[in-house]
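Have a look at the structure below, then the notes.
Every number in this text was worked out from the coordinates using simple rules, so none of it is lab data. All of these numbers come straight from a predicted model, not from anything done at the bench. Cβ sites come from the backbone with ideal geometry, for glycine too, and all protein chains shown count toward neighbours.
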Amino acid sequence: MSILVTGATGNIGRRIVDHLIDMGANDIRALTTDPAKAKLPDGVRPVVGYLGRPDSLSAALTGVERMYLAPLPATLDTTLRMIKAADVSYVVALSGDGHWQAHADAIDASGLANTQLGPGEFLENLAIWADQIKSTATVRDPYPDVVEAMISMDDIARVAATLLMNPDQARHGQMYELTGPEALSRAQIAQQIGVGIGVDVRYEQCTRDEAIELLRPIMGDNAAWYLDTIGAAVDRPQRANQLVAELTGRPAQSVADWARQNAALFVAD
Ligand SMILES: NC(=O)c1ccc[n+]([C@@H]2O[C@H](COP(=O)([O-])OP(=O)(O)OC[C@H]3O[C@@H](n4cnc5c(N)ncnc54)[C@H](OP(=O)(O)O)[C@@H]3O)[C@@H](O)[C@H]2O)c1
C-alpha cells in the first residue's frame, strides 16, 4: 500500500515518515525537491517535487493510495484537483481553524476522503524562551493567564501516521482538534518547563513591547504578530482533550516531558 508524505523533510512530514516506518508501512514515498540532501531513512522512496510547483506532482502522485498533505495554501486548489484526479483514496491534512479556515474549507469541498488535523500551538515554539531560561531562569512574557494545551510536533505526526495506516478507524470529513494532555496558563507552562529540566523557572509578566524586544532576535518581525495572536486568546482558554491517546493508544507529551527531552535547549553547557 503506497503512502505519499509531502513536506517529507519538514518538521511534521519527516516525523510522519519515521512513524510510518515504525508502524510497518512498506511503500513510503517522500516528496522532496532534493533527494540527495533529504537524508531519508533506508527503505523510503524519495520522489522529486514540491507542493508549491503543482506541475512537479503528476509523477509523484501516480499509484499513490494514501497521502499526508502538508499545508501550502497558495497552491492548494490545484493540488487538491490533482490528488482527486490521481484517485488517491485517503488524505490526512495538517490544517486548522482561524487563520487556516479557508484552507480547511477547501479540503472539505474537495470531495476527497480526508481527515484534517488542527493542532493548537506547538510545544516546539517554547524554544523562543530558551535564551531567557538559560541565562536568567526566568520567562518574561505579557500573558500569564492565557491558557493553552500545547502539543508536540511528534504527537501530531504520530496521529497522522496512525490514521494513514488505519483509515477505517478515522472519522472522514472531520477536523481533529489535537491538543496536549492538559491546559495550562503561560505562567504554569514556564513553571512546567522548569519541572522538566530540573530548574526553578520563574515567570515574570512584562509589557508587550518588552516581549517584542526579547523575541525579535529569535522571531524577527514575527514577534509582534506572534504575541498578538497569543494575547487575542486571553478570553478564550484552550481546552485539552485526550484525542491523541484515543487515536494512538499513547497520551500526548506533557510540557514537562517535552522540556526534559529537549533540555539541551534550556540549560547552559
Ligand atoms: N494549526 C497550526 O498550528 C498549523 C496548521 C497548519 C499549518 N501550520 C504550519 O505548518 C507548517 C508545517 O511545517 P513543516 O516544517 O512541517 O514543513 P512544511 O512547510 O509542511 O514543508 C517544508 C518542506 O517543503 C519543502 N520545500 C520545497 N521547496 C520549498 C520552498 N521554496 N519553501 C519552503 N519549503 C520548501 C522542503 O523540503 P525539500 O527541501 O526536501 O524539498 C521543506 O522541508 C508550520 O510552519 C506550521 O506553523 C500550523
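For the stretch 2-112, go through all pairs of different Cα atoms, get the mean of 1/r, take its inverse, and jot down that Kirkwood value in Å.
Evaluated over the stretch 2-112, this radius sits at 14.0 Å.
Could you tell me what fraction of 2.2 N^0.38 Å the Cα radius of gyration of the stretch 162-241 comes to, as a two-decimal ratio?
The value comes to 1.49.
Considering the convex hull of the alpha carbon atoms of the stretch 205-265, report its projected area averaged over all viewing directions, in nm², one decimal.
Convex hull of Cα atoms, orientation-averaged projection: 6.1 nm².
How large are Rg and Dmax for the stretch 50-181 when only the alpha carbon atoms are used, in Å?
Cα only, the stretch 50-181: 17.5, 55 Å (Rg, Dmax).
With 10 angstrom as the radius, rank F266, F122 by how many other C-beta atoms surround their C-beta, starting from the fewest.
By the 10 Å Cβ count, ascending: F122, F266.
Would you kindly calculate the translational diffusion coefficient of the chain, applying Stokes-Einstein with the Kirkwood radius from alpha carbon pairs, for 4 °C and a viscosity of 1.567 mPa s, and quote it in µm² s⁻¹ without decimals?
Once the numbers are plugged in, D ends up at 66 µm²/s.
Please enumerate, by chain and number, the aspartates and glutamates with C-alpha under 15 Å from the C-alpha of K39, excluding those fewer than 8 residues away in the same chain.
Cα-Cα hits under 15 Å: D18.
Kindly put M1, M153 in sequence by how many other C-beta atoms sit within 10 Å of each C-beta, fewest to most.
M1, M153
What is the spin-label model distance, in nm, from R236 to T138 if the labels are put 7 Å beyond Cα along the C-beta direction?
The modelled label-to-label distance comes out at 3.2 nm.
Kirkwood hydrodynamic radius, the stretch 138-180, all distinct C-alpha pairs: what's the number in Å?
12.9 Å
Which of T78, T162 has the fewest other C-beta atoms within 10 Å, and how do the rest follow up to the most?
Lowest to highest Cβ neighbour count: T78, T162.
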